[in-house]
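The values are calculated or read from the model by the stated rules, or taken from the named source; none is laboratory data. Model, not experiment: these values are computed from the prediction. Because the Cβ atoms are built from the backbone with ideal geometry, glycine has one as well, and the counts that use them run over all protein chains shown. Remember, those area values only see protein heavy atoms, side chains included, never the ligands or the DNA or RNA. Shrake-Rupley method; radii C 1.70, N 1.55, O 1.52, S 1.80 Å.
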Amino acid sequence: MDFLMVCLTALGSFVALFLIAKITGHKQIAQLDFFDYITGITIGSIAAEMATELEEPWKPLIAMIIYGCVTLLLSVITGRFARTRKYLSGTPTILMDHGKLYKENLKKAKLDLSEFMIMCRQQGYFDLTSIQTAVFECNGKLTILPVSSQRPVTPSDLNLAPEQELLFTELIMDGRILEDNLKRMGLDLTWLNKQLEQRHVHSAQDVLLAVCDRNLKFVLYEKSHADHEN
């Protein structure tokens, strides 16, 4: 009986955690700000407690629902009233600008110079003189604006107009033709088989991955011999 109860409460905590995560949105699995980080950990801890609570599992369940509702409510509030974001999520902090480091802002961000240097190197900036502005974001990330002379060259700098790249759609995955994607692209099996023939591929089963964009740019990756053996 106890084993059955553990299974049921564990399953219940999983379902509740899944539903709360879906309701609160993908922000909980993206780069989190401080409040989202805390609520995410708390809800996960309560879910773990619920999974092993045999006598009164409804108590941690109610706590999870309350945390989820409060998180959702605060998200709605910050979406409608921009001024509240300053108090709930904080504001970005400029750590460096025009070659000047702001010591007080580093203290405010709870960073020392060593940590700041590490974050700069992680962004690919080993020379601070190549940084125009460095901003410490609310989610703990460092955003860097490089000095104009140090930024990568863009096609517009060279007066070039490259063709716009488009998203690719999977047409074949691991030897299986995705017919729904094929129809969504306005294509058919005849067109796909023709593409395979042009690349001397005998069957879709020999294809690991095939993708295509709206300009009908078709890219194919064949299976290796090891893949066929497996």
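A few comments on the model shown:
- Here Ile23 passes the criteria (1) outside any loop (DSSP other than H, G, I, E, B); (2) open to solvent by 100 Å² or more (accessible area, probe 1.4 Å); (3) modelled with pLDDT of 70 or more except the one numbered (3).
- If the condition is being hydrophobic (A, V, I, L, M, F, W, C), surrounded by 15 or more Cβ atoms within 10 Å (Cβ to Cβ) and without any contact (Cβ under 8 Å) to a residue 24 or more places away in the chain, then region 43-86 contributes Ile46, Ala63.
- Residue, least open to solvent (accessible area, probe 1.4 Å), within region 107-122, restricted to residues that are hydrophobic (A, V, I, L, M, F, W, C) and more than 14 Å from Gly140 (Cβ to Cβ): Cys120
- Residues located in region 187-202, provided they are part of a loop (DSSP other than H, G, I, E, B) and of a type outside the set (A, V, I, L, M): Asp188, Arg199, His200, His202
- Of note, Leu166 satisfies the criterion of being closer than 21 Å to Leu220 by Cα and in a loop (DSSP other than H, G, I, E, B).
- Residue under evaluation Leu171, criteria (1) more than 21 Å from the chain's Cα centre (by Cα); (2) assigned to a loop (DSSP other than H, G, I, E, B), criterion not met: (2)
- If you filter region 130-151 down to residues that are modelled with pLDDT of 90 or more and open to solvent by 60 Å² or more (accessible area, probe 1.4 Å), you find that the one that is farthest from Lys86 (Cα to Cα) is Leu145.
- Residue in region 87-98 that is over 24 Å from Ile43 (Cα atoms), modelled with pLDDT of 90 or more, open to solvent by 60 Å² or more (accessible area, probe 1.4 Å) and not small (Gly, Ala, Ser) present: yes
- Leu208 meets all of the listed conditions (1) touching a helix residue (DSSP H, G or I) at 6+ places or on another chain (Cβ under 7 Å); (2) under 27 Å from Ala109 (Cβ atoms); (3) hydrophobic (A, V, I, L, M, F, W, C) but one, namely (2).
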